[in-house]
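Notes follow the structure.
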Amino acid sequence: MKELYGQVIKFLLWLHIIKMQHSLWVAEIHSSNLEEKASSSSDIIPACVLPKKFLFRRIWQGKVAHTAASKVFLATDDDTAPIICFLLQGQKKLLSVRLQTIEINNEILFDVKPDMSWSIPAVSAAPVTVTRPGVKLGLLPHTDIVVLAPENAILLYSGKQCLCRYLLPSSLGESQLPHNLKLSENVAFGSDVKIIGLADSIEGRINVIVNNGKIFRCALRRSPSSSLVNDCITAMAEGLCSSSYNHFLVLLWGDSDSSYLSKFDSSVDSEWDSFCSIMMRMCGRFKGSLAEHSASASSSSWEFLINSQFHRNYCKTNSFASIFSSGSLDIQELGHQQSSMEAKLSGESSFYSELLTKSLESLHAVYECLKLNNLRKWDLELLSGLLCSIANSLGERSYIDHYVRDFPALVEKVGTGPDSLSWKTPPSLFRWLEISLQRGYNSADISDLPSLVCNDESSVVSWARKIVSFYSLLSGAEHVGKKLSSGVSCNIAAGSYSTGEEHTVLAMVGENFGLQQLDNLPSGISLPLRHALDKCRESPPTDWPAAAYFLLGREDLAFSCLAHNGELETWNNANLLSMSTPYMLHLHPVTIPSTVSDPIGPDSATFEDADSIDGSMTDGMEHIFTATTQLRYGRDLRLNEVRRLLCSARPVAIQTSVNPNASDQDLQQAQLWQLAQRTTALPFGRGAFTLATIFTLLTEAFTVPKLVLAGRLPAQQNATVNLDPNIRNILELKSWPEFHNAVAAGLRLAPLQGKMSRTWIIYNKPKEPNAIHAGLLLALGLHGYLRVLLITDIYKYLDQQHESTTVGLMLGLAASYRGSMHPAMSKVFYLHIPARLPSTFPELELPTLLQSAALLSLGLLYEGSSHLEIMQMLSGEIGRGSAGDNVHEREAYAVSSGFSLGLVALGRGLEMLGSLDSLLDRLFYYIGGKEAHNERSYSSALSNDEHNRGVGQMMDVAAVNVHVTAPGAIVALALMYLKTESETISSRLSIPHTSYDLQHVRPDFMMLRVIARNLIMWSRVYPSKEWVQSQIPEIVKNGVKSLGDDNEDLEETDIDTAVKAYVNVVTGACISIGLRFAGTRDGQAEELLYEHAVYFLNEIKTVCSTSGSTFPKGISHYIDRGTLEICLHLTVLSLSVVMAGSGHLRTLRLLRFLRGRHSADGPPNYGTQMTISLAIGFLFLGGGMRTFSTSNSAIAALLIALYPRLPTGPNDNRCHLQAFRHLYVLAAEARWIQTVDVDTGLPVFAPLEVTVKETEHYSETSYCEVTPCILPERATLKSIRVCGPRYWPQVINLVPEESPWWSPGSRHGPFNSGILYIKRKVGACSYIDDPIGCQSLLSRAMHKVFGLKNSRAYNANRGDGYVSLDQLVSTFSSDPSLIAFSQLCCDPSWNSRSDDDFHEFCLQVLFECMSKDRPALLQVYISLYTAIGSIGDFIIGEAPVSAETLSVSSLKLALTYSEALLSGSLATPKGSIVQSVFVGSLRKRLEDLFLCSTSLRDDLAAYLKSGRWPSTERRAVILSLYLQWFGVPTPSVIGKVAERIKPVRKISRSSVALLRLLLPTTHVTAIKEIDELLCSF
């Protein structure tokens, strides 16, 4: 595979073994339709696979040998055509096949003609890069061929032409070899050394294998070490035709003065001197041929007449001439000889004339290119002298004038040469750039561009080509084929653009032209390009590559782009560094983004409550304190308080008397038992609090914090009190709490970028099964890690027959394979559902707990699949009793079946209306609907096999036991029709409206019905009191209103029933609001739920006044306290779901109060303590970095976790499995975002403007958040924007869609795992250092520095509040250039200088660049200032003579840039990047300096009249400055213009207007001078 002409071309060489024929095939693109398909199936086709179809076409076939070619390689012919070389060692020849290229529709086709192959005698051959090292064919260099001929000679070929012969040094046969081994042409070697092979060629080096077994690494050194010589030779290789360049090579290599070519350590000066001598020899031969031709032409008139054609014709026709016939023949023969000699001399003269002319053009292109590089000024001066000599030899006076203007010292070299018939103006890139900037590239003369610049294959002037292309795009050029409309080629990076500036930036990226290259340009030329960067910097397009953002100085956008593409860890490649160097040397890959791995120190990580005795004990929450949490909560101690509330790893304090007695010990045990109920419930909340907040090493063992049920006595020096094992069964009490404790510890693990290691899971597997490892399996499964387990690993776990391990394993597998319908997992779950086992299967005594877990696991596995067979089975399981041993857990079995059924048809009830009729009837029958059929119709649907299993229906006489089946059926309907807005299903789940119905429907079922109805009618849920009241039936409202009234019509039982129905319906409405607004932090929902929680709390025990409350009073007299406690805690839990991850302070205070209520308020119940623990964990979900989603899948998981039937004890799984409470993890989303300063790599505050789309409740809204914060859901989030004056703006536009939040590390997500990189503007402090904005650059301290005359005066007046300049600058910017410059300004050696004006100017420029955040302009300001200062010192006579005047061209480009902004040629939204007053002052200063020169007018007159330069170098420099600044053309042009305006001068003395038209690039000041001088001639 080779790359030719910028395209990757695939060649295939095939050998037919039988026919012994070689065939050459080329691969051509046949169809690229797969690219579109690949974009839609990127997960199937890897990125490394090229999505194209290729067609192989045979282009050559031949029988070249009886064996296969020993080597095949690609080389280049002398006219840059590619050739394929076959080395046939058997025949000792090298067969070369020339490839013919034809370009059709930008596609390169290859072919081989019969006469396009040749053979060269060769024993060995290899490709080398010797003759044209700088010339490239596409991306490959021009390749020559080095051949070992049969006569033991090493030959160098360019195509079929042999260029030279190499001879090895004679010392190769000796034992001591020379230090610098080389190949040379002029030294023989010993006869005993014979070369047998060539190998391992790289560029211009090759291994030479000799017969004594030694291998020598030899250099075919033809590429000089001098960059100037190398550029000149490359330019001639690219500019000359093949024959001319080969002639030049003969002169170059055959010159005895070019000995440097064979020396490894030749100096740069000697190389340049040798090259110049060769060029002057060409000039000498040209002059010699002219002299000889002139001498031969200067014969007598008689000889001229005799040799004329007229005389020959006359002799043929005139008879008198026959007398002299013999003499005439001699004269004719002499005439023929003379004619052939004249033709030879004329041809030689013409050849050298063309050779020198082309050489001059090629080297002039290099000269113009070097003028654009500040680092090549010395090379430029050397080249100008050579070019001046060549131009003098050719008589090109315009070229000489061009070089003298740049280097006036060349006046001494200007001599009299032959007059040239050509008055061609030499190309000038500065002139082209100036006109292009003023009037557009269309107005610029294409002849001002050297021909090599327009050659897209030229590499030596690529620097100039890039600048020309940038200016072309800046003035509106577009692509025309492979080139721009200005005639030059340009590589443009991918990305959208709408302005010329954006197009230019993309071109700079495509050409790998970064800030370092921009600094190498003259200041005036770089200004328009810096202008383009500055204009695009604030709001560049979002689809640009990272290199473009680096170029703009927007490292924040660049890092976000790299993170989006998954390249953040490898961002510092050569391309990106070249874009930013040297202004990003301080940047490094940000390692802070892992917001969970940056602890801020032990001081913040430890906490001590009032009773703690050991703050170093591991409690599973010690890692929660990070730089991010410190940034969010600051000095707020709420995280410390949450850690204290959820800590279960240390003994709890027991309040007793100082002198305990026997009765006190019993009291301690009773109190300790009550506190144990709370302690065992704490892991639920701790798991939510620490969710995905720590990264573990796969080489470390899994650790679980202890679950301590002991107490301590603060009054007795913290003596420890343990539960009495004789009174309580401690092991039974801790079995399931240990399971939950391990789940909480496992949930701490953050999702890894790669897969979890199976080895790590097996490594943590204990020898004997226990609850701790069971909890770990569930936690890993909830994170999706159990996919790494093999099926054999799963059955090994099941074979242990450990109850908690099996539960954790099945739920974990179901969560990991959620929605996949994996067949192997289905078998695992079916194995634990006896109703699904065949009759021949042996009966298994499976606990109901396992069966319930298997049912829910099956629902998770088939989530959203609408699998009809599974649905029919699950609907039957709701009404079927479990085959387990615990009849009290039948409700849990039915509820699990209901949840599973709802998950399978999640939100797809309306899509399956036809197939769900019978299933719906069955579900409503389970609920107790009046229209349901009798049980016989359903029991007949059961198979005989299922009846024979001995599993009875849960029937009460002729009907099912709705007390067991109703909850499962209700939740099944709720999930099946989730968000479907089905009026039909919602109406059939209505709340009783009559007194009779109220008496026959359990109040807690009313709560479930309210929740189900609102989940179905999702969009109608609204957080208002009116909506809550609309959920209550009128009969219930009337019953509650009569509380406290003496209404004898209502019986007490009716009031009790109404009150029970009221609290349950209101609680159901609160849960519905919690689910509807989960994770939204909706203010109205929070206020409403908080009011209801306080209302229930006040009904239990008045704790605060609620003036103006419309809630009914006194309901506690008609309902038991346990019901009110459950309603209170469910409402508080719903409140925490709404405020999930927010850390809301008022909610935390309420939860802390409920947790800390004393025993006088009632014994703590395990279920209520579990809700408090979960509520605290939800409020600080994932350490405040996660929240809940409201997608269908998330709402289903939340409903399962928040199921409103609370357990009575740690081991209570009768109505709902406690392991299901951990499924909230499936609803959590990491919508956390924090801003990171790219300069410091630290998290910072930043204001964000968040825009959410229009919904049914509100219109499109924008609001402000301060990072770190939690963003809205993806379904509503429309855009976020970094706002505020301190950071560069950044907008991320999103398309709202019903999809889950982007997973951490996702390449398609707009955020890098919640990280948004931002860049602080220079001159502003961060919000951490300056919260209220009183310390910015313009408001603090800068007047102390810049308000004084200079820093020396400041240092003299400094006091205790002294702040050095470099310290002040580093406060507001981390840019290395600004800091280094400020340190230079503070250097004592600089302060001792007498140039106060320059020092003051530097301080002002520093302030200008800092205040406008343009540090790169420091160089521009200083360069322009020093340039005009040097010119002024020279003209006044205070400085020595300057060798060059190139700085005035840069000043002129800067002025042209400023004028282009004023004229509108360049877009100027924010004005010039350089102060226009400063540029204007430079112009005024220079023109005033010209007025100071007394001899300038006389020198200008002499120059315009005769082209004569002043005799002194100082006056020549001043004249050169004048000519370049005002754009005065050459004397030849002035002479032509004078001839054209002669008729006008007869009419009018002034011809300024006409001169203005004829000389459009000349300044009007100079035109007036020219007009006056022409009048005086």
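The values are calculated or read from the model by the stated rules, or taken from the named source; none is laboratory data. Owing to the predicted nature of the structure, the values given are computational and were not obtained by experimental measurement. A quick note on method: Cβ atoms are made from the backbone with ideal geometry, for glycine too, and the neighbour counts reach across all protein chains shown. We work out accessible area using only protein heavy atoms, side chains counted, and drop any ligands, DNA or RNA first. Shrake-Rupley method; radii C 1.70, N 1.55, O 1.52, S 1.80 Å.
Key figures
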| read-out | value |
| --- | --- |
| Tally of residues being touching a His at 6+ places or on another chain (Cβ under 9 Å), modelled with pLDDT under 85 and over 18 Å from I467 (Cα atoms) across the stretch 1435-1466 | 0 |
| Candidate set from the stretch 1053-1070 (those that are β-branched (V, I, T) and open to solvent by 10 Å² or more (accessible area, probe 1.4 Å)); member that is modelled with the lowest pLDDT | T1053 |
| Candidates P1296, P1285 - the one that is outside any strand (DSSP E or B) and touching a strand residue (DSSP E or B) at 6+ places or on another chain (Cβ under 8 Å) | P1296 |
| Flag if S469 is of a type in the set (S, T, Y) and open to solvent by 40 Å² or more (accessible area, probe 1.4 Å) | no |
| 2 or more residues polar (S, T, N, Q) and within 22 Å of P1415 (Cβ to Cβ): qualifying helices (runs of 4 or more DSSP H) within the stretch 465-543 | 515-520, 523-537 |
| Test: residue in the stretch 1254-1274 that is touching a Pro at 6+ places or on another chain (Cβ under 7 Å), of a type in the set (A, V, I, L, M), assigned to a strand (DSSP E or B) and surrounded by 20 or more Cβ atoms within 10 Å (Cβ to Cβ) | no |
| Residues of the stretch 833-871 satisfying the condition of being among the hydroxyl-bearing types (S, T, Y), in contact (Cβ under 8 Å) with a residue 24 or more places away in the chain and part of a loop (DSSP other than H, G, I, E, B) | S839, Y862, S865, S866 |
| So A853, is it within 49 Å of the chain's Cα centre (by Cα) and closer than 18 Å to R890 by Cα | yes |
| Wholly within the stretch 984-1052, helices (runs of 4 or more DSSP H) carrying at least 3 residues that are modelled with pLDDT under 90 | 995-1000, 1034-1041 |
| Selection count where residues are of a type in the set (S, T, N, Q) and in contact (Cβ under 8 Å) with a residue 24 or more places away in the chain, scope the stretch 1492-1508 | 2 |
| Residue tally, condition assigned to a loop (DSSP other than H, G, I, E, B) and surrounded by fewer than 20 Cβ atoms within 10 Å (Cβ to Cβ), over the stretch 422-448 | 8 |
| Residue check, G819 of a type in the set (G, A, S), at positive phi and at pLDDT 90 or above | yes |
| Close pairs (6 angstrom Cβ cut-off, 6 or more residues apart or separate chains): under 16 Å from Q1367 (Cα atoms) in the stretch 1320-1333, assigned to a loop (DSSP other than H, G, I, E, B) and open to solvent by 20 Å² or more (accessible area, probe 1.4 Å) anywhere | A1324/R1286; A1324/S1336; C1325/Q1335 |
| Count of residues meeting criterion [closer than 25 Å to V1448 by Cβ and free of Cβ contacts under 8 Å to residues at least 24 places away in the same chain] in the stretch 1526-1552 | 3 |
| Every residue from the stretch 1175-1206 that is of a type outside the set (A, V, I, L, M, F, W, C) and more than 20 Å from L747 (Cβ to Cβ) | T1190, S1191, N1192, P1204, R1205 |
| Single residue of the stretch 1093-1135 satisfying the filter (modelled with pLDDT under 90 and among the acidic types (D, E)) that is nearest to P1003 (Cα to Cα) | D1120 |
| The lone exception for S353 - which of (1) crowded, with 17+ Cβ neighbours inside 10 Å; (2) modelled with pLDDT of 75 or more; (3) part of a helix (DSSP H, G or I) it fails | (1) |
| Which listed residue, of S826, S820, is surrounded by fewer than 22 Cβ atoms within 10 Å (Cβ to Cβ), hydroxyl-bearing (S, T, Y) and in a loop (DSSP other than H, G, I, E, B) | S820 |
| Long-range neighbours under 6 Å by Cβ, at least six apart or interchain, first residue under 16 Å from H832 (Cβ atoms) within the stretch 779-800, second surrounded by fewer than 17 Cβ atoms within 10 Å (Cβ to Cβ) and modelled with pLDDT of 90 or more | I791/A824 |
| Unique match (being open to solvent by less than 10 Å² (accessible area, probe 1.4 Å), out of contact with any Ser or Thr (no Cβ under 7 Å at 6 or more places or on another chain), free of Cβ contacts under 8 Å to residues at least 40 places away in the same chain and not aromatic (F, W, Y)) among L1555, L1486, L1462, L1523 | L1555 |
| Residue that is surrounded by the most Cβ atoms within 10 Å (Cβ to Cβ), among those in the stretch 267-296 that are among the aliphatic types (A, V, I, L, M) and modelled with pLDDT of 75 or more | M279 |
| The listed residue being open to solvent by 40 Å² or more (accessible area, probe 1.4 Å), out of contact with any Lys or Arg (no Cβ under 8 Å at 6 or more places or on another chain) and modelled with pLDDT of 90 or more, out of T759, T699, T703, T792 | T792 |
| Residue check, I592 modelled with pLDDT under 80 and open to solvent by 40 Å² or more (accessible area, probe 1.4 Å) | no |
| Filter result for the condition that a residue is touching a residue at least 24 places away in the same chain (Cβ under 8 Å) and over 25 Å from C241 (Cα atoms), over A477, A464 | A477 |
| Residue ID - nearest to the chain's Cα centre (by Cα), chosen from residues in the stretch 1467-1489 that are in a loop (DSSP other than H, G, I, E, B) and at pLDDT 85 or above | I1473 |
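For every residue, the table says whether it meets (1) open to solvent by 10 Å² or more (accessible area, probe 1.4 Å); (2) within 54 Å of the chain's Cα centre (by Cα); (3) in contact (Cβ under 8 Å) with a residue 60 or more places away in the chain.
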| position | (1), (2), (3) |
| --- | --- |
| L383 | no, yes, yes |
| L387 | no, yes, no |
| A391 | no, yes, no |
| R397 | yes, no, yes |
| Y403 | no, yes, no |
| V411 | yes, no, yes |
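Okay, residues lined up against (1) part of a helix (DSSP H, G or I); (2) farther than 24 Å from S857 by Cβ; (3) open to solvent by 30 Å² or more (accessible area, probe 1.4 Å); (4) of a type outside the set (G, A, S):
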{"position": "A1175", "(1), (2), (3), (4)": "yes, yes, no, no"}
{"position": "G1182", "(1), (2), (3), (4)": "yes, yes, no, no"}
{"position": "L1198", "(1), (2), (3), (4)": "yes, no, no, yes"}
{"position": "H1216", "(1), (2), (3), (4)": "no, no, no, yes"}
{"position": "F1220", "(1), (2), (3), (4)": "yes, no, no, yes"}
{"position": "T1235", "(1), (2), (3), (4)": "no, yes, no, yes"}
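Rundown of residues vs (1) at pLDDT below 85; (2) open to solvent by 50 Å² or more (accessible area, probe 1.4 Å); (3) closer than 23 Å to I120 by Cβ; (4) part of a strand (DSSP E or B), yes/no style:
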{"residue": "L155", "(1), (2), (3), (4)": "no, no, yes, yes"}
{"residue": "R165", "(1), (2), (3), (4)": "yes, yes, yes, yes"}
{"residue": "S175", "(1), (2), (3), (4)": "yes, yes, no, no"}
{"residue": "K182", "(1), (2), (3), (4)": "yes, yes, no, no"}
{"residue": "I196", "(1), (2), (3), (4)": "no, yes, yes, yes"}
{"residue": "R222", "(1), (2), (3), (4)": "yes, no, yes, no"}
